[in-house]
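Structure, as structure tokens:
We did not get these values from a lab; they are worked out from the coordinates using the rules stated. The shown structure was predicted, so the numbers you read here are calculated from the model rather than taken from an experiment. Neighbour counts are summed over all protein chains in view; Cβ atoms, including those assigned to glycine, are modelled from backbone coordinates with ideal geometry.
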Amino acid sequence: MSKENEKLYQKRLARIKNAINLEPVDRVPCIFMGMAFAPRYMGMSQHKYCVDGTAAVDVTIEAMKRLGNVDGINQAPGGIHPMSMTYLWLSRLLIPGIDLDEEALWQVVEKEIMAKEDYDLVIDKGAYALVDKILPQVCDMKMMEENFAWHGTHGHGVNTKFCDAGFVVVSHGAVATPFDTLCGARSMNQFFFDLYRMPDKVEEAMDVMVPYYIEQGLSAAGAGDVSGMWVGGWRTASAMLAPKLWDRFVWPYIKKISTALIDGGVIPVLHWDQDWTRDLERLLELPAKKCILNPDGMTDIRKAREVLKDHMAIMGDVPASILSTGTPEDVRNYIRDLIRDVGPEGLLIAPGCDAPLNTKPENMEALVAATREFGVA
């Protein structure tokens, strides 16, 4: 790392750490997240981004440099991206250039693969038994092995590449919850029926699975200046489940996984898609200033700040709709109001979830510029 980048990195790192700890910042941090946007912005195909982990890392760094004064990245790319998502969800993903046009976005196939009897497999033999059974049915195992091999060989160097370029990596990986994995394997339709038809069986399987996810999260976190780990909430949002189901099948497992990560020195990045507004108060059950709430534009972020106060930092949440169909002025105004209402302390500006494939380049550039304009203390 050059001396100039080292100085820049340390300044950005201090800024991000202060934001996570809800301490004063010289400027609200700007965090990049645009997995599909980065290759399109830089002229790379979605196919190459998905199947060439090294190219995905390099093109993301170049996109961040081009955007200018970005402080860090929510989660770094790497490996064969659709394979990593398949491993999380036990669902098949269609891959650009293989199953789809090479410029298309990867797509989840919603299909029932796991049988009802497989709950007993989990209960009797553990989560790994389910993974070993389902994975060959939802992916090319040769490609999955290539993904594992890439991470084994190159994964440790990804953070170094971003650091050498002056960028901070916030999250070092992602861990699902039992709900998300079972829902992906069973299909949403069948799994939601299971919650009513055989709740005790589902709960027993989930209880067996929790140590597996804790192990996965702790082992993937690695050693970094900001040791974050996504704790996914992709199908578990309050808006999608009755309170009695959410209280039984969602929150206890998020809390167990998050608490174990915190005890292991890892910061849970609660990457929550959809609307979680109803249950924001439950976040107060987690230790103060040890997590980051990372909503996607659907949760009421102002309500989140009202509820959480100085308990938890928030990273977000410029909506995909604004980035894809709005104007730079729309982006500028959204960030101005967001910093006024939710920041400046304890706020990290980022796209909600992920900047979509069709993000207008001028809108992402406006996101960075507006954070500089309005985020200065």
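As a rough footprinting exposure proxy, the listed residues LEU241, LEU284, LEU323 were ranked by other beta carbons within 10 Å of their own, and the order from fewest upward is LEU284, LEU241, LEU323. A Förster radius of 45 Å, combined with the Cβ-Cβ distance separating ARG302 from LYS7, puts the computed FRET efficiency at roughly 0.80.
Extension gain, GLU112 to GLN137, is 7.9 nm, computed as 0.36 nm per intervening residue step minus the present C-alpha separation. Applying the Karplus relation 6.51 cos²θ - 1.76 cosθ + 1.60 with θ = phi - 60° to the stretch 145-151 yields 3J(HN,Hα) values of 5, 5, 5, 4, 5, 4, 5 Hz, where x marks Gly and Pro. Once the Cα atoms are used to define both axes, helix 3-20 deviates from the longest principal axis of the chain by about 60 degrees.
Which of the listed residues, ILE267, MET364, ASN5, is farthest toward the dipole's positive end in the chain, when Lys, Arg count +1 and Asp, Glu count -1 at the beta-carbon? It is ASN5. Measuring against 22 Å, Cα to Cα, the residue pairs LYS125/LYS290; LYS7/LYS309; LYS17/LYS161 contain LYS125/LYS290; LYS7/LYS309 as the ones spanning a longer distance. Sorting MET298, MET198 from the fewest to the most surrounding beta carbons within 10 angstrom yields MET198, MET298. ASP99 sits among other residues whose Cβ lies under 11 Å from its own Cβ, and their net charge, with Lys and Arg +1 and Asp and Glu -1, is -2. For the stretch 3-374, a crude dipole built from +1 on the beta carbon of Lys and Arg and -1 on the beta carbon of Asp and Glu, taken about the Cα centre, is about 740 debye to the nearest 20. Short-range pairs are left out: with C-alpha atoms under 8 Å and at least six residues apart, the relative contact order of the stretch 3-374 is 21 percent. Among LEU135, LEU182, LEU130, sorting on how many other beta-carbon atoms sit within 10 Å of each Cβ, with the fewest leading, yields LEU135, LEU130, LEU182.
Computed from Cα positions, the angle between helix 328-342 and the longest principal axis of the chain comes to roughly 80 degrees. Express the Stokes-Einstein translational diffusion coefficient of the stretch 1-154 in µm² s⁻¹, to the nearest whole number, given a Kirkwood radius over alpha-carbon pairs, 20 °C and a viscosity of 1.002 mPa s. Using the Kirkwood radius from Cα pairs, D works out to 120 µm²/s. Kirkwood radius for the stretch 323-364, taken over all pairs of different Cα atoms as the inverse mean of 1/r, rounds to 11.0 Å. Positive end of the dipole of the chain (Cβ unit charges, origin at the Cα centre): among ILE301, MET114, MET42, the Cα lying farthest that way belongs to ILE301. Take the Cβ atoms of MET198 and ALA14, set R0 to 41 Å, and the FRET efficiency comes out at 0.20.
If you wrap the tightest convex hull around every Cα atom of the stretch 3-374 and split its volume per residue, you get 122 Å³. Checking the a/c ratio against 1.5 first, then a/b against b/c, what shape does the Cα gyration tensor give for the stretch 202-297? Verdict is oblate for the stretch 202-297. Can you list residues whose amide H is under 5 Å from VAL169's amide H, if they're 5+ apart or on another chain and H is modeled 1.01 Å from N? Amide H neighbours of VAL169: ILE73. When a/c is below 1.5 the answer is rounded, else prolate if a/b is larger than b/c, else oblate, so apply that to the stretch 245-301 with a ≥ b ≥ c taken from the square roots of the Cα gyration tensor eigenvalues. Taking the square roots of the gyration eigenvalues as a ≥ b ≥ c, the stretch 245-301 is oblate. Note on LYS65: aspartates and glutamates with a C-alpha under 16 Å away, same-chain residues under 8 apart excluded, are GLU4, GLU6, ASP164, GLU362, GLU365.
The share of C-alpha pairs in the stretch 265-377 whose separation exceeds 24 Å stands at 22 percent.
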